[in-house]
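The values are calculated or read from the model by the stated rules, or taken from the named source; none is laboratory data. As the structure is a computational prediction, the values presented were derived from the model and not from experiment. Quick reminder, even Gly has a Cβ in these numbers, built from the backbone with ideal geometry, and neighbours come from all protein chains shown. In case anyone asks, the SASA skips ligands and DNA or RNA and just uses the protein heavy atoms, side chains included. Shrake-Rupley method; radii C 1.70, N 1.55, O 1.52, S 1.80 Å.
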Amino acid sequence: MEKPARITSVEQLDEWMAKAGKRPLLLFKHSTSCPISAAAYGEWEAFLSSDAATEVLSAAVFVIEDRPLSNEIAERFGIKHESPQALFVIGDEVKWHASHWNITKQELTDAVQSL
């Protein structure tokens with residue numbers, strides 16, 4: 001598997017959203033200092049390697065390093081910031097989100113199948 005994508009600016013977020021179009025965009029908000037987030041990151045990577053992720057665009061946001069982008073995501077979508085946090089966005093709307101131990105390969109698979 002190639003290294004998962006990372007976005008670092010609001011401009012990149014807008015580019016990824018445009019690129020996704022009507023496909024699901026999975027944003028993974030990751031804290032590089034949190035062991036729970038490290039575990040969720042591994043689950044996100046496992047999901048990205050699965051067949052369920054073939055029609056999904058996905059990118060990570062490192063919340064400590066890129067705080068303005070993390071804040072913009074919370075404000076833009078009206079979803080309280082947590083980390084780790086996963087959000088499935090279609091168009092301009094969050095269709096599913098989860099945080100902490102609820103981010104698993106299976107939960108992400110079930111979510112994308114229900115979109």
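Find all pairs meeting these conditions: Cβ atoms under 9 angstrom apart; at least six residues apart or on different chains; first residue within segment 57-85 and modelled with pLDDT under 95 and among the hydroxyl-bearing types (Ser, Thr, Tyr); second residue open to solvent by 30 Å² or more (accessible area, probe 1.4 Å) and not in a strand (DSSP E or B).
Listed by first residue and then by second, the contacts come to 83/34; 83/36; 83/64; 83/100.
Please find, within segment 59-79, the residue that is farthest from residue 4 (Cα to Cα) out of those that are aliphatic (A, V, I, L, M) and under 14 Å from the mean Cα position of the chain (by Cα).
79
Does residue 91 qualify as being more than 22 Å from residue 38 (Cβ to Cβ) and open to solvent by 60 Å² or more (accessible area, probe 1.4 Å)?
The answer is no for residue 91.
Looking at segment 62-72, is at least one residue out of contact with any helix residue (DSSP H, G or I) (no Cβ under 6 Å at 6 or more places or on another chain), open to solvent by less than 30 Å² (accessible area, probe 1.4 Å), within 21 Å of residue 22 (Cα to Cα) and not aliphatic (A, V, I, L, M)?
no
What's the total number of residues in segment 103-115 that are loosely packed, with under 14 Cβ neighbours inside 10 Å and in a helix (DSSP H, G or I)?
Final tally of qualifying residues: 4.
For segment 5-30, give me the residue count where each residue is within 12 Å of the chain's Cα centre (by Cα) and more than 14 Å from residue 76 (Cβ to Cβ).
6
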